[in-house]
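Nothing in this text is a laboratory measurement; each read-out follows from the coordinates by a stated rule. Just so it is clear, the structure is predicted and the values come from calculations on it, not from any experiment. Cβ placement follows ideal geometry from the backbone for every residue including glycine, while neighbour counts extend to all protein chains displayed.
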Amino acid sequence: MLSTDNLRVFQLTGGIYQEVEIKTNRVWIEEIKLGIGIWEGSYQNIQRKWLRWFDSLGNWIPTKIEKQQLEIEKQRQRAEKLAAQLRALGIEPEV
């Protein structure tokens, strides 16, 4: 079987699956309020094109690891902000 990185979409019409013409590598699925598309990036240390879900605003839905990384970054920024507030009060925070 030939493998490509092209997204192909089929719709069941009259008991027969027919290919839907798509102009981009993204398709919105109204019935589930999610889209699916081709995303290029690294997942589990493998760089390539992947199928990936996106939301109604077109944002890729983060993976579990991405969510964890975002949370760590938010906590780091919060810690930096608190340290700056302590310094403004003349207190040097311990690292």
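Find the all-direction average of the projected area of the Cα convex hull for the chain, expressing the result in square nanometres with one decimal place.
Value for the chain: 10.4 nm².
Calculate the dipole size of segment 1-87 relative to its Cα centre from +1 charges on Lys and Arg beta carbons and -1 charges on Asp and Glu beta carbons; express the result in debye to the nearest 20.
Dipole size: approximately 520 debye.
List the aspartates and glutamates whose alpha-carbon lies under 14 Å from that of Lys49, not counting same-chain residues fewer than 8 positions away?
List returned: Asp5, Glu40.
What residues of segment 62-76 lie in the reach of a label at Ala84, counting those whose backbone N is under 15 Å from a point 7 Å from the Cα along Cα→Cβ?
Those under the cut-off are 74-76.
Using amide H atoms built 1.01 Å from N in the peptide plane, name the residues 5+ places from Trp50, or on other chains, whose amide H lies under 5 Å from its own.
When sequence neighbours closer than 5 places are left aside, the close amide H contacts are Trp39, Glu40, Gly41.
Given 0.36 nm per residue, what is the gain on full extension from Trp60 to Ile16 after removing their alpha carbon distance, in nm?
Stretched out fully, the Trp60 to Ile16 stretch lengthens by 12.8 nm.
Can you give the relative contact order of the chain as a percent, counting alpha carbon pairs under 8 Å and 6+ residues apart?
Once divided by the residue count of the chain, the mean separation gives 14 percent.
What angle, in degrees between 0 and 90 and rounded to the nearest 10, separates the Cα long axis of helix 64-88 from the longest principal axis of the Cα atoms of the chain?
For helix 64-88, the angle is close to 20 degrees.
Between Gln77 and Arg48, what length comes free when the chain is fully extended (0.36 nm per residue of separation minus the Cα-Cα distance, one decimal in nm)?
7.4 nm
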